[in-house]
Each structure stands twice: as structure tokens, then as C-alpha cells.
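K.L.:
Have a look at this one.
The values are calculated or read from the model by the stated rules, or taken from the named source; none is laboratory data. Here the structure is a predicted model, which means the values were calculated and not measured. All Cβ positions, even for glycine, are placed from backbone atoms using ideal geometry, and neighbour counts span all protein chains on display. In case anyone asks, the SASA skips ligands and DNA or RNA and just uses the protein heavy atoms, side chains included. Shrake-Rupley method; radii C 1.70, N 1.55, O 1.52, S 1.80 Å.
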Amino acid sequence: MKFKFWGVRGSIATPGPKTVRYGGNTTCIEITSSAGDLIILDAGTGIHALAQTLLDQRNLTAHILITHTHWDHIQGLPFFLPMFRPGNRINIYGGLEPVTHQGIERAMRVQLQHAYFPISEAQLKAEVCYTTLKAGEPVRIGSVRVTPTVLNHPVFNFGYRVDDDGGGSLFFTGDYEPPLNPYPEQHPGYSAMQELIDQKNEEVVGAMAGVDALIIDSSYTDAEYADRHGWGHGTYRSALDIATQANVKQLFLTHHEPTRSDAELDTIYSGLLQAGHLGFPVWLAREGDQYCLPFAAEDPA
């Protein structure tokens, strides 16, 4: 199984001279299974560049797994050009929104309204199919098994574990903030809330356990996070902690904060490596880098 980063930025695309090396597109990851199945994790602006590599393929089948429907994870969907070619089949997967009770089809239908986009859903030439997933219930896509897990975020958000029959496994969080207890320790509600948080953490760690690659939201430094509790994103420290608990083989830090320059990311990465004693390789996600699982990096550019 191979995977490649096409978008690694969080919240908003940030093209420009300060983001050239790591990339400025929002979240999109391409997976190629051992049997050749095309699986795409999220459809941020990075999916547009991915689409350019697929235009020569006829009768293409693509499987797009959406973690959640915040703009930076779906805004590239209308620009996924294989949807405009007859004979292609595009399968889009995601969760049921608990407030509106709408399935993942809302991710396209909202964006393709006349007020927001010049082309309607009826004008798409490919066969577009929607599948609403349930937490903890695996779905088979070719040679891989995909298992969704609900993760803490201000909107319903799935993390996905992908296990390939031919070898290799990964877990992608989408956006994820480890939950915090809102009560002080002396509050009568603290213990019960902490028990729920601990149970959920065990569930999440179990879902990630032993994967060859954990790709995780690590938007903030500890200092930044102090003013951003509840925004729905993790820190470098929380990513390292949960990777250690889950005994993962490799850790990939992504969803880079939009104001973070290449130079600032280099500084943060150097600090993480200098801290040492991590027990597993740590990488900063970078557009264009491709990896082969369960093996090491495949000549990232």
C-alpha cells in the first residue's frame, strides 16, 4: 500500500513563497492499495492537483473518504475533474450528520448550489455514488478494510483506519482535538467526565493501535493551544503522546497551521527531533511526498 500527500495545510489554502516546500493546499491524501484501488482521504484543495494525474484514465473508479464537512476538507470536490467524464465511477463516503440527519451527499449538494458554483450536480457525467458509514463498522473497498472511528471535533468527524490485505496499515484522523475535562478537579462533575474521556481515549488508541503510519492533526504548539481550546485541533505534543500510547510504527504530522511558514515548520521539526527518545520515526507531511507501507519512505521529493 502506498500513500501520497496532495494537501497538508489546515483551515485555508495558503499558496505563496513561504509555503513552497511543505505546500499550501488543504487536506488530501491519495492511497493506492496493493490491488491498485484508488482511495482518497478528504477532498481539500489538494485534490485538484491529484485529479490532473487521473485525466488519461478511462473507466476510472475512485473512492473518496470524507472525515468531516468543514470547508478545508471538501472544497476541492467540485474540482475533481474525473467526475465530469462519462464512464467513471466516483464513490464518496462519510458519516451521518447528527443535527440534520443528512448523509455525506450534502458535501456535494451544498457546494453545487447555483449561488456557489456554476455547474449543477445534474451536469456531472460520471456515476457519483454516496455511502453513509457507521462508526466502528468496517467497509470493504477492494483489497482494503476501512474502519471509521468518531473523533473529537466541533462537527461530526471520522478518523479512518485503512488495513490492506497485501500488507500495510494507516490511520488518518482528519481534524482531532484530544478532549479536555471542562471541570476543575474539585468540581463534583469532574470524576464522571474524566471517566468518559478516558474511555473514549482508550477507544481511539485502540483504533490506531500498531498501525504502520499514523497521520494526525497537529496544528498547534503548546503555547498556541493555550488560547485555542475547543477549536478542534491537536498539538505536536498531543500527537506524540497518542502515537506512543498506540505503539504506531511511524508518525506523520499534518494540518499545518495556515500562518506557519516553511522556515517555522523546519524549526519545530528540528526541536521535535532534538528532543529524542520518540521510539518511532516522525515526519512532517509535505505535498508530493510518497510512502510505501509497511516500509520506509519512498524517496520523498
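K.L.:
Could you please report the charge total around residue 104, scoring K, R as +1 and D, E as -1 over all other residues with beta-carbon less than 15 angstrom from its beta-carbon? Before the final figure, lay out each step's value.
P.N.:
Numbers: positive: 106, 109, 134; negative: 42, 97, 105, 121, 137.
Around residue 104, the surrounding residues sum to -2.
K.L.:
Another one. Between rounded, prolate and oblate, where does region 175-220 land on the alpha carbon gyration tensor, with a ≥ b ≥ c its root eigenvalues, rounded for a/c under 1.5, else prolate if a/b exceeds b/c?
P.N.:
Numbers: a/c = 4.75, a/b = 1.91, b/c = 2.48.
It comes out oblate by the Cα gyration axes.
K.L.:
Give me the percent of DSSP beta bridges within region 1-127 that run antiparallel, rounded to the nearest 5.
P.N.:
45
K.L.:
For the chain, with every protein chain kept in place, what is the accessible area per residue (1.4 Å probe, Å²)?
P.N.:
Working: 13440 Å² over 301 residues.
Per-residue value: 45 Å².
K.L.:
Okay, next question. Going Cα to Cα from residue 18, which lysines come in below 27 Å? Please leave out same-chain ones fewer than 8 positions away.
P.N.:
4
K.L.:
Can you compute log10 of I(q)/I(0) for the chain with the Debye formula, treating each Cα as one identical point scatterer, at q = 0.11, 0.14 Å⁻¹?
P.N.:
Debye intensities relative to I(0), on a log10 scale: -0.64, -1.05.
K.L.:
To continue, here is another question. Filter the trypsin sites (Lys or Arg not before Pro) in region 50-134 down to the DSSP loop ones having no more than 13 other Cβ atoms within 10 Å, then list what survives.
P.N.:
Sites meeting the loop and neighbour criteria: 58, 125, 134.
K.L.:
Per residue of region 278-290, in order, report the coupling 6.51 cos²θ - 1.76 cosθ + 1.60 (Karplus, θ = phi - 60°) as ³J(HN,Hα) in whole Hz, putting x for Gly and Pro.
P.N.:
Values per residue, Gly and Pro as x: 7, x, 7, x, 10, 10, 8, 4, 9, 3, x, 6, 10 Hz.
K.L.:
Beta carbons within 10 angstrom, averaged per residue: use that to sort the peptides 217-230, 110-123, highest first.
P.N.:
The peptides rank, most packed first, as 217-230, 110-123.
K.L.:
Here's something else I'd like to know. Starting from the 7 Å offset along Cα-to-Cβ, what nm value, one decimal, do you get for the label separation of residue 12 and residue 114?
P.N.:
Spacing of the two 7 Å Cα→Cβ label points: 3.0 nm.
K.L.:
Still on this model: Rounded to the nearest 10 degrees, what's the angle between the helix 262-275 long axis and the longest principal axis of the chain, both from Cα atoms, 0 to 90?
P.N.:
Roughly 50 degrees, rounded to the nearest 10.
K.L.:
Convert each backbone phi in region 179-187 into a coupling constant with the Karplus relation 6.51 cos²θ - 1.76 cosθ + 1.60 (shift: θ = phi - 60°), then list the ³J(HN,Hα) values in order as whole Hz, x for Gly and Pro.
P.N.:
With the stated coefficients, region 179-187 comes to x, 10, 6, x, 9, x, 4, 7, 6 Hz.
K.L.:
Would you mind counting up the charge near residue 66? Only other residues with Cβ under 14 Å from its Cβ, with Lys and Arg at +1 and Asp and Glu at -1.
P.N.:
Counting the neighbours of residue 66, the net charge comes to -3.
K.L.:
Once neighbouring chains are kept in place and the probe is 1.4 Å, which whole percent of the accessible area of the chain is contributed by carbon and sulfur? Before the final figure, lay out each step's value.
P.N.:
Numbers: 7200 of 13440 Å².
In the chain, the share of accessible area belonging to carbon and sulfur is 54 percent.
K.L.:
For region 251-290 and region 185-220, write down the distance between their C-alpha centroids in whole Å.
P.N.:
When both Cα centres are located, 22 Å separates them.
K.L.:
Here is a follow-up. Which three semi-axes in whole Å describe the equivalent ellipsoid of region 50-202, each the square root of 5 times a Cα gyration tensor eigenvalue, listed largest first?
P.N.:
35, 20, 12
K.L.:
Sticking with this one: What value in Å³ per residue do you get for the convex hull of the alpha-carbon atoms in region 123-205?
P.N.:
Residue-normalised Cα hull volume stands at 131 Å³.
K.L.:
Amide H of residue 25: which non-local residues (sequence gap of 5 or more, or other chain) have their own amide H closer than 5 Å, using H built in the peptide plane?
P.N.:
Answer set, sorted by chain and number: 8, 9, 14.
K.L.:
How large is Rg/Rh for region 1-100, to two decimals, with Cα atoms and a Kirkwood Rh?
P.N.:
On the way: Rg = 13.7 Å, Rh = 14.0 Å.
Ratio value, two decimals: 0.98.
K.L.:
Output the Kirkwood hydrodynamic radius of region 92-137, Cα pairs only, in Å rounded to one decimal. Don't skip to the end; give the middle numbers.
P.N.:
Numbers: mean 1/r = 0.0849 Å⁻¹.
Result for region 92-137, one decimal place: 11.8 Å.
K.L.:
Here is a follow-up. As a test of the definition: which semi-axes, in Å, follow for region 144-248 when you take the square root of five times each eigenvalue of its alpha carbon gyration tensor? Largest first, please.
P.N.:
26, 15, 12
K.L.:
When only the heavy atoms of the protein chains count and the probe is 1.4 Å, how do 195, 185 rank by accessible area, highest first?
P.N.:
On the way: 195 110, 185 145 Å².
Solvent-accessible surface, decreasing: 185, 195.
K.L.:
Based solely on its DSSP helices, what 222 nm [θ] is calculated for the chain when runs of n ≥ 4 H residues each add -39,500 (n - 2.57) and the sum is averaged over all residues, nearest 500 deg cm²/dmol?
P.N.:
It lands at -6000 deg cm²/dmol.
K.L.:
Could I ask something else about it? Could the peptides 234-241, 265-272, 20-27 be put in order, highest first, of the mean number of other beta-carbon atoms found within 10 Å of their residues?
P.N.:
In descending order of packing, they fall as 20-27, 234-241, 265-272.
K.L.:
Sequence-distant or interchain residues sharing an amide H contact under 5 Å with residue 250, placed H: which?
P.N.:
213, 214
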